[in-house]
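*Asks:* Sharing a structure with you now.
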Amino acid sequence: MDVRELRNCMGHFATGVTVVTCDIDEGTHGLTANSFTSVSLDPPLVLVSVDRKTKAHEFMKNNNFTVNILKEDQQDIAMHFAGRPLEDLPFKWEKGNLCNRLSNSLAYVECEPWAEYDGGDHVLYVGKVNEFKYNDGNPLAYYCGKFSNVITK
């Protein structure tokens, strides 16, 4: 199977864009992720898929994390946490109950660790929702390898 073509095929599924944050000894770490989903309402669970090759993979083991759902004008934040850091930070930290989060995101979901599963070259981290909040605005979307806008009808 051509892995690149499989990736191209999967890219035809439009997703939102998140930055997942967790506190570590050195401060707060974040990674951009579009593999995020709600799993259960009772108990309240969400899932984030994290590549095993990233630093975040180790940082998230048995650690609290926050999923920050980005607004349409936060592409620079997505790129910063996707490995293209900007000299002038395009965000501010906000103290959460479980770990730091991004201020001014479209929504956030604070989680404590629930379970983790082997996902091949990724690890599937399931978190139990401890707190959440959402704001007005439009989401940043990702489609076929590019940032996109969501148009509601």
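*Asks:* Those residues that are of a type in the set (Ser, Thr, Tyr) and modelled with pLDDT of 95 or more, I need them from segment 1-27; list them, please.
*Replies:* Passing the criteria: THR18, THR21.
*Asks:* Return the only residue of GLU116, GLU110 being open to solvent by less than 50 Å² (accessible area, probe 1.4 Å) and outside any loop (DSSP other than H, G, I, E, B).
*Replies:* Going through GLU116, GLU110 in turn, just one is open to solvent by less than 50 Å² (accessible area, probe 1.4 Å) and outside any loop (DSSP other than H, G, I, E, B): GLU110.
*Asks:* Taking the options PRO90, PRO85, name whichever one is part of a loop (DSSP other than H, G, I, E, B), open to solvent by less than 40 Å² (accessible area, probe 1.4 Å) and modelled with pLDDT under 95.
*Replies:* PRO90
*Asks:* Name every residue in segment 119-137 that is open to solvent by less than 70 Å² (accessible area, probe 1.4 Å), assigned to a loop (DSSP other than H, G, I, E, B) and not small (Gly, Ala, Ser), in order of residue number.
*Replies:* Of everything in segment 119-137, just one residue is open to solvent by less than 70 Å² (accessible area, probe 1.4 Å), assigned to a loop (DSSP other than H, G, I, E, B) and not small (Gly, Ala, Ser), namely ASN135.
*Asks:* Kindly list the number of the only condition in (1) in a strand (DSSP E or B); (2) buried (at least 16 other Cβ atoms within 10 Å of the Cβ) that fails for SER38.
*Replies:* Among (1) in a strand (DSSP E or B); (2) buried (at least 16 other Cβ atoms within 10 Å of the Cβ), the lone unmet condition for SER38 is (2).
*Asks:* Out of segment 107-146, which residues are modelled with pLDDT under 95 and among the hydrophobic types (A, V, I, L, M, F, W, C)?
*Replies:* CYS144
*Asks:* Now for a different question. Can you tell me how many residues in segment 16-61 are over 15 Å from the mean Cα position of the chain (by Cα) and acidic (Asp, Glu)?
*Replies:* Qualifying residue count, segment 16-61: 4.
*Asks:* Taking the residues in segment 93-107 that are farther than 23 Å from LYS61 by Cβ and of a type outside the set (A, V, I, L, M) as candidates, determine which candidate is most open to solvent (accessible area, probe 1.4 Å).
*Replies:* Of everything passing the filter in segment 93-107, ASN104 is most open to solvent (accessible area, probe 1.4 Å).
*Asks:* I'm trying to understand the selection: among the residues of segment 104-153, which are within 12 Å of VAL48 (Cα to Cα), among the hydroxyl-bearing types (Ser, Thr, Tyr) and over 14 Å from the mean Cα position of the chain (by Cα)?
*Replies:* Correct list: TYR117 only.
*Asks:* Scan segment 90-102 and report the pairs whose first residue is among the polar types (S, T, N, Q) and whose second residue is crowded, with 20+ Cβ neighbours inside 10 Å and not in a loop (DSSP other than H, G, I, E, B), with Cβ atoms within less than 9 Å and a gap of 6+ or a chain change.
*Replies:* Hits for this filter: ASN97/GLU110; ASN100/THR21; ASN100/CYS22; ASN100/GLY30; ASN100/THR66.
*Asks:* Follow-up. How many residues does segment 49-75 contain that are surrounded by 14 or more Cβ atoms within 10 Å (Cβ to Cβ) and either small (Gly, Ala, Ser) or within 21 Å of VAL150 (Cβ to Cβ) (or both)?
*Replies:* Counting residues in segment 49-75 that are surrounded by 14 or more Cβ atoms within 10 Å (Cβ to Cβ) and either small (Gly, Ala, Ser) or within 21 Å of VAL150 (Cβ to Cβ) (or both) gives 10.
The values are calculated or read from the model by the stated rules, or taken from the named source; none is laboratory data. Quick caveat: nothing in here was measured; it's all calculated off a predicted structure. Cβ sites come from the backbone with ideal geometry, for glycine too, and all protein chains shown count toward neighbours. Note: areas computed on protein heavy atoms with side chains; ligands, DNA, RNA excluded. Shrake-Rupley method; radii C 1.70, N 1.55, O 1.52, S 1.80 Å.
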